[in-house]
Structures are given as structure tokens and as C-alpha cells.
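First comes the structure, then the notes that go with it.
The values are calculated or read from the model by the stated rules, or taken from the named source; none is laboratory data. Predicted model, so just to flag it, every value in this text is computed and none were measured. Cβ sites come from the backbone with ideal geometry, for glycine too, and all protein chains shown count toward neighbours.
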Amino acid sequence: MTAAAVRPGVARASTPTRRRRRIRNLGSRVFLAFLIVFLFAPLLVVVLFSFNATASLSFPIPGFSLRWYDKVLDDPVVIAALGRSAIAAFVTGLAAGTIGILAALGIQGLPPRWRGAVQTVVLIPIATPALLLAIGLAIYSNRLNIKPPQLPMAIAGHVLLALPFVLLTMTAALERFRFSLLEAARDLGASRARAFWTITFPLVLPAVLGAVLLAAAVSLDEFIIAFFTTGSDNTLPLVIYARIRRVIDPGLNALATILLIGTTLLAILAARSTTASGRR
């Protein structure tokens, strides 16, 4: 009887709690929806207008067409810039990935009291404005009499920019790595090189691939360093910038969409590879 008497009171007390919980959940969902719209609405507008059948950049859209993609992909300047961007992203990914895994392994081998300090120093470029890196590279190329600066100097800047992100990815992967496996391999007679190639590298390979893809994504849409260092070797972001200063060309929406698709695919593949590394 006591329990029966208590239950209605508990139900009455819990009803306002459930109501408040529903209100909080609804408020969180509304805020999340607003945040997603705020972040992605400008990108969706660009993608939508890239399929516009006319040169008008206003709503409503009279029809959909691929004419602007045909136009930009028939442009030799765009094709050349796209090729340079692809080369820069590929080389940046390989260089930053190689340097990053070696640096991460070196940091893991340091005493714990030094490890945090070295990681902080290595990650300083994340907080450094890209403009300062670009100006420094431009001055350095001028001192080396590289006139005008060319794509390799931009790639060097992209590596500097992407390396901290690679290090963060690799350091997180190595923190989950069981170094006892290496000790067991060494006890069984394996050399350091063989233990690395047969045990360490296969286990951290998904993280390495994720870091390489992330570095490539950083390079693909990077603008400031390329603006100061590439000279006449324009990448795709520089072509978009140069054309938007002259006239609002609907083809720019197609170029921006191509760039958006490329960076998004690289970021998604990097995230999937890094997640796969965490499950191993």
C-alpha cells in the first residue's frame, strides 16, 4: 500500500522532469539544425548555382544544366591549374606523411618530461598565421634568387602548414600502439628495421594514410601561401581568385564546386582511414 501511495507522487514529480528534458532536447536539436544551416548554406548555394542553366545568379533558378562544368573543363588555364593543385596535394601528402611518421616515432621515443614540450614546439605552426609563413617563404625564395617563385616553394609551404595536423594524427595513433610487440620481436631476433616494417608500419598504416590524405586536403584548397610563392604557376584557388576580381562568372561556381568535392572526399577518406586505425 505504501508503494502504491508513493508511485503517483513519483509519477507527478517525474512528469515535469521529463517535460524539461524534452524541452532541452528540442532546444539542442534546433540549435544543431541552425548551426548546420549556418555553416553549409553558403556552400549549398554555390553548388546549386553551378548547375544553373543561365548566367543569372538569382532565385528562382530557371533550369539545371552542366554547361558551366563543360565551359571550365574546356579551359586550358583551368586544366593546367587543376593539374598543379593535384601535384601539390600529392607531393605535400607524401612529404608531410613521411616526415610526420618519423617525427612522431622520434617524439614517442623521448622521455615523458620532454615529450610534451617537443610536441608543443612542433605544433606551433597551427597557431602561426599562414600569412607569416607565406611572407617568410617569399623572402627566402628571393634570397635564393628564385624569381619568380614557383610551385616547389608553394609545396614546401604546404608541407609546413600540413605537418602539425599529420603529427597530431600520428601521435594519437602511436599512443594506442602496443610497443610490447616490438620488444617481443626484438627478443625473437628481429632487427629494428625488420620490426618496424613487419609490425609497426602495418599496424599504423591506416593512420599514415589518413594523415597523408589530410595533408593533401590542406594543400588542395590552400590560397595564401600559394598566392605569395607560386608566381606564374597558378593553382586552382588562385585562378578562382583572379577571375572573381574581374567579373562574376557563373563558371566560378563550377570551379568552387570541383574544389569543394575534392577537399571533401579527401577529408572523408582521411577520417575513415583514421577511424579504422583506432579500431585496430
Please find, among Asp249, Asp233, the residue that is in contact (Cβ under 8 Å) with a residue 12 or more places away in the chain and charged (D, E, K, R).
-> Asp233
Would you pick out the residues in segment 216-242 that are of a type outside the set (S, T, N, Q), touching a helix residue (DSSP H, G or I) at 6+ places or on another chain (Cβ under 8 Å) and either outside any helix (DSSP H, G or I) or modelled with pLDDT under 80 (or both)?
-> Asp221, Glu222, Phe223, Asp233
Test for Ala81: is it small (Gly, Ala, Ser), touching a His at 6+ places or on another chain (Cβ under 8 Å) and buried (at least 18 other Cβ atoms within 10 Å of the Cβ) = no
Which one is modelled with the lowest pLDDT among residues in segment 243-267 that are more than 18 Å from Leu44 (Cα to Cα) and among the charged types (D, E, K, R)?
-> Arg246
Would you pick out the residues in segment 107-143 that are surrounded by 12 or more Cβ atoms within 10 Å (Cβ to Cβ) and more than 20 Å from Phe227 (Cα to Cα)?
-> Ile107, Gln108, Leu110, Arg115, Val118, Gln119, Val122, Leu123
Counting only helices (runs of 4 or more DSSP H) wholly inside segment 49-160, the ones holding at least 3 residues that are of a type in the set (Val, Ile, Thr) and over 21 Å from the mean Cα position of the chain (by Cα) are 76-108
Exactly one of Phe51, Phe38, Phe64 is touching a strand residue (DSSP E or B) at 6+ places or on another chain (Cβ under 6 Å) and at pLDDT below 85, and that one is Phe51
